[in-house]
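To keep things clear, I will list the structure first and then write my remarks on it.
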Amino acid sequence: MATPYSPEVGSTSGRVAARRAETRSEVLDHAEQIMVEDGAGAVTVAEIARRMGMRSPSVYKYFPSLHAIYDALFARGNARLNDCVADAVADGDRGLDTLLAGARAYVHWIVTHPGPAALLIWRPIPGFAPSPESYAPAREMWQRTRDELTAAAGRGQLSAAADSDEAAGLLTSLVSGICSQQLANEPGASFDTGRFTTLLDDALAMFVGHYATGPGRATSTEKTTSTEKTQP
C-alpha cells in the first residue's frame, strides 16, 4: 500500500536543505573574506569557525576538508566570472567586438574580486588542484574565446591565423598577465585607475595588430616552413 505524501515531511526536508545550502554559502563567504584580507593561504577551518561562532568540527559537516572549501571557492568564482563574461558579450555582434568586450569584462571582474581571483589565476595552495567540475566554466570561456576568434577571422576582422589555439593562448596570456601584474603590485587600485589595467586597451590593440588582416600575415606553420626552406 502506498504511503500518503506528507507536506510537513517534505517541507521539513526542504528547510533543512535550504539551511544547509545557506550555511555552506556562509562558510565560503568567510573564506573569501579571509583571502581578501590575508591571502589564500590564510584560510583555515579554525578561522572560519571562529568567525561563524561555531567549533571547527561543525564546519566539517558542510565540507569534508579544507581543500574541499578551496574547490568550492574555485567553482563559485569560476562560475561567476564565466557569467560576467557571458553577460558582457550577450548582446554584441559575434567577432572582434565581443572578443574584446569579453577580455575587458574578464579583467574587470578579476581585479574587483581579488579573493577568488587568486585561486583562478594563480596556484597559491600547495597540493590543491580544482576538480574537473569546478574547472568546467574555464573551459567554457576558452571555447567562447575560440568561437569569437573564428567569427572575427571569418568576417575579415582578423587574419586567418587568428582562428587558432595559438591566438587564443596569446590573448589569454596577455589578459591574465594584466590581471596578475595588477593584483600583485597594486591590489588596491580600481580597474579604471590601476597602473596595469589602464594598459589593457593598448595590450588588446597589440593583439589585434598582430593578427591584422592583409597580405604578409603568415601563420606559425607557414613561418616555420619558410624558415626550414632557408636553412643550409
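The values are calculated or read from the model by the stated rules, or taken from the named source; none is laboratory data. None of these values were measured; they are calculated from a predicted model. Ideal geometry is used to build each Cβ from the backbone, glycine not excepted, and the neighbour counts take in all protein chains shown. Surface areas here come from the heavy atoms of the whole protein model, side chains and all, with no ligands, DNA or RNA. Shrake-Rupley method; radii C 1.70, N 1.55, O 1.52, S 1.80 Å.
Scanning the range 69-95 for residues that are in contact with an Asp or Glu (Cβ under 8 Å, 6 or more places away or on another chain) and not in a helix (DSSP H, G or I) gives 94, 95. Would you say residue 49 is without any contact (Cβ under 8 Å) to a residue 24 or more places away in the chain, more than 26 Å from the chain's Cα centre (by Cα) and buried (at least 16 other Cβ atoms within 10 Å of the Cβ)? Answer is yes for this residue. Among the residues of the range 184-203, those that are buried (at least 20 other Cβ atoms within 10 Å of the Cβ) and either in a loop (DSSP other than H, G, I, E, B) or of a type in the set (A, V, I, L, M, F, W, C) (or both) comprise 194, 196, 200.
Looking only at residues in the range 72-95 that are in contact with a Ser or Thr (Cβ under 7 Å, 6 or more places away or on another chain) and either in contact (Cβ under 8 Å) with a residue 60 or more places away in the chain or surrounded by 19 or more Cβ atoms within 10 Å (Cβ to Cβ) (or both), which one is nearest to residue 125 (Cα to Cα)? Give the derivation first.
So the first thing to find is which residues in the range 72-95 are in contact with a Ser or Thr (Cβ under 7 Å, 6 or more places away or on another chain), and the list is 74-75, 78, 89, 92.
Next cut, either in contact (Cβ under 8 Å) with a residue 60 or more places away in the chain or surrounded by 19 or more Cβ atoms within 10 Å (Cβ to Cβ) (or both) only: 74-75, 78, 89.
Numbers: 74: 12, 75: 15, 78: 17, 89: 32 Å.
Going through the qualifying residues, I end up with 74.
Whenever a residue of the range 188-210 is at negative phi, its partners that are open to solvent by 60 Å² or more (accessible area, probe 1.4 Å) and not in a helix (DSSP H, G or I), lying with C-beta atoms within less than 6 angstrom and at least six residues away or across chains, give the pairs 194/186; 195/186. Residue-level check: of (1) within 23 Å of the chain's Cα centre (by Cα); (2) in a loop (DSSP other than H, G, I, E, B), residue 54 misses just (1). Scanning the range 131-185 for residues being free of Cβ contacts under 8 Å to residues at least 60 places away in the same chain and of a type in the set (Phe, Trp, Tyr) gives a total of 1.
Tell me, which helices (runs of 4 or more DSSP H) wholly within the range 96-175 include 1 or more residues that are surrounded by fewer than 18 Cβ atoms within 10 Å (Cβ to Cβ) and of a type in the set (D, E, K, R)?
Ranges flagged: 96-112, 132-154.
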